[in-house]
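Novice: What follows is a structure written as structure tokens; I'll ask about it next.
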Amino acid sequence: MPVKYSEIKKKLKLEVDKKAGEGPAHLTHFLQNHKNGASGYFKKPAIEYLTDLHEILNLVEEPDFQYYLPIKWDVPFPPPDKPKFKFIDLFAGIGGIRLAYQNLGGKCVFTSEWNDYAKRTYEANFGEVPFGDITQISETQIPDHDILLAGFPCQPFSIAGVSKKNALGKAHGFLDETQGTLFFDIARILEHKKPKAFMLENVKNLRSHDKGKTFKVIEKTLKELGYSVYAQVLNGKYFVPQNRERIIIVGFRNDIFKGAEDFHFPKMPEPQKVFKDILETEVEEKYTLTDHLWKYLQDYAAKHKAKGNGFGFGLTDMNGISRTLSARYYKDGSEVLIPQEGNPRRLTPRECARLQGFPDNFVIPVSDTQAYKQFGNSVTIPLIQAVAKQLVKSLLNPNGEHSNISYRNSAAV
């Protein structure tokens, strides 16, 4: 009889924290992949961690997986029963890209995210704890997969990030020692694992950063690794009532597809929603701006207007679309304010989720501050899924299974 994941989690007191190290990641990755070849990458450390937990918790039975399998995944977004392809989820955040590809029948076999709060949200929704810092993980420890997915960090390439680092006299982009080289972690995994395709997501400014040199380095690297490269700036406003432009980079292995993958970015549909459609009907008073904050924002906007700058708050047109939601929204909510009687209010975390296309059963287990950061850093799911649909269509043949698909052929090294 299947064991519920929630019962396993309670029994083993699984928690996402730094003290546990990578143990919960190995254990949940093994449990999610125990039916496929990817499990070999996680089994040994998963058994060691399970043994440690049994000793610490004084559990009677032996630390054997027979007591935990099969599993009923009672989480909002369980893994598919009959996957069509495998993918890995790098710089995963809270799983927006994963959700898009999982909706199309994909099975995630490895995920990595360094932020502990994002890991908590990820685990609450998918029943899997991401591994940590990808720079510390060898490419040999990553299972075989068909598609590499990565929304690699925006900071080194964003307008705000570059301006801030210039002001501080710090290097940025590929000269940034901490984040700028993270693209090369993607490159080393592509080189070693050679997935059939990839999809990368980044800020619109990536293309123009450093007079176009940054994008040229990325494109050149991907082509040298043996991939065709497609890139386009797409706007989420056709799927959700938010102006959100992002660059999407897609590639296919030349030795498999021979340039005949017939990939096209999706045509943008007619917008279906306006801003008021994502609002909750009952909202707590705490989301209304205080008199002090509202006055500050008005004075700040007036000061910059006098200087000829465009900085300031954004009162959103209820029948239109909002400005771009950012990770700084937790500070004052100024970029997306909702007009109402008296002082305006900021979005609730659930409204932020809706503005990014997350379904209402997506669990938000963290504080408002963390939730604002997480949704501001995330992707517009329906836009990503529209791209994913085109990518997967190119990956699979008309029978729904590519001749070299790795789902049943993956094995540990």
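The values are calculated or read from the model by the stated rules, or taken from the named source; none is laboratory data. Computed from a predicted model, the values in this text were never measured in an experiment. Positions of Cβ are generated from backbone atoms using ideal geometry, with glycine treated the same way; all protein chains shown enter the neighbour counts.
Novice: Take ILE218 and tell me if it is touching a residue at least 24 places away in the same chain (Cβ under 8 Å), surrounded by 14 or more Cβ atoms within 10 Å (Cβ to Cβ), in the same structural domain as ALA150 (by TED's automatic domain parsing) and closer than 22 Å to LYS389 by Cα.
Specialist: So ILE218 does not fit the description; no.
Novice: Considering only residues that are part of a helix (DSSP H, G or I) and without any contact (Cβ under 8 Å) to a residue 12 or more places away in the chain, which ones fall in region 188-212? Break it down stepwise before answering.
Specialist: Let us first name the residues in region 188-212 that are part of a helix (DSSP H, G or I), namely 188-193, 204-207, 209-212.
Passing the criteria: LYS211, GLY212.
Novice: Can you tell me which residue in region 15-55 is nearest to the chain's Cα centre (by Cα), limited to those that are modelled with pLDDT of 95 or more and aliphatic (A, V, I, L, M)?
Specialist: This residue is ALA25.
Novice: Ok, one more. Taking the condition of being outside any strand (DSSP E or B) and in contact with a Pro (Cβ under 8 Å, 6 or more places away or on another chain), how many residues in region 237-259 meet it?
Specialist: 5
Novice: If I ask for residues that are in a helix (DSSP H, G or I) and modelled with pLDDT under 95, which ones from region 66-100 would you list? Give the steps one after another, and end with the answer.
Specialist: The first filter runs over region 66-100 and keeps only residues in a helix (DSSP H, G or I), leaving 66-67, 96-100.
Answer for region 66-100, where residues must be in a helix (DSSP H, G or I) and modelled with pLDDT under 95: GLN66, TYR67.
Novice: Can you name the residue in region 101-119 that is assigned to a helix (DSSP H, G or I) and hydroxyl-bearing (Ser, Thr, Tyr) and is also nearest to VAL366 (Cα to Cα) among such residues?
Specialist: In this case the residue turns out to be TYR117.
Novice: So, in region 6-32, how many residues would count as being under 17 Å from THR111 (Cβ atoms) and either buried (at least 23 other Cβ atoms within 10 Å of the Cβ) or aliphatic (A, V, I, L, M) (or both)?
Specialist: Result for region 6-32: 11.
Novice: Return the only residue of GLU139, GLU113 being within 20 Å of GLY37 (Cβ to Cβ) and either modelled with pLDDT under 95 or among the acidic types (Asp, Glu) (or both).
Specialist: The match here is GLU139.
Novice: Just a yes or no: is a residue in region 142-162 among the β-branched types (Val, Ile, Thr), in contact (Cβ under 8 Å) with a residue 60 or more places away in the chain, within 29 Å of LYS10 (Cβ to Cβ) and in the same structural domain as ILE248 (by TED's automatic domain parsing)?
Specialist: Looking through region 142-162, none of the residues is among the β-branched types (Val, Ile, Thr), in contact (Cβ under 8 Å) with a residue 60 or more places away in the chain, within 29 Å of LYS10 (Cβ to Cβ) and in the same structural domain as ILE248 (by TED's automatic domain parsing).
Novice: Which of the residues belonging to region 84-136 are on the phi > 0 side of the Ramachandran plot and touching a Lys or Arg at 6+ places or on another chain (Cβ under 6 Å)?
Specialist: GLY105
Novice: Now, a different point. Of these, LYS44, LYS35, which one is surrounded by fewer than 17 Cβ atoms within 10 Å (Cβ to Cβ), of a type outside the set (A, V, I, L, M) and part of a helix (DSSP H, G or I)? Give the steps one after another, and end with the answer.
Specialist: Working: LYS35 fails: part of a helix (DSSP H, G or I).
From the options LYS44, LYS35, the qualifying one is LYS44.
Novice: Would region 222-231 turn up any residue that is under 24 Å from the mean Cα position of the chain (by Cα) and among the β-branched types (Val, Ile, Thr)?
Specialist: The answer is yes, given that some residue of region 222-231 is under 24 Å from the mean Cα position of the chain (by Cα) and among the β-branched types (Val, Ile, Thr).
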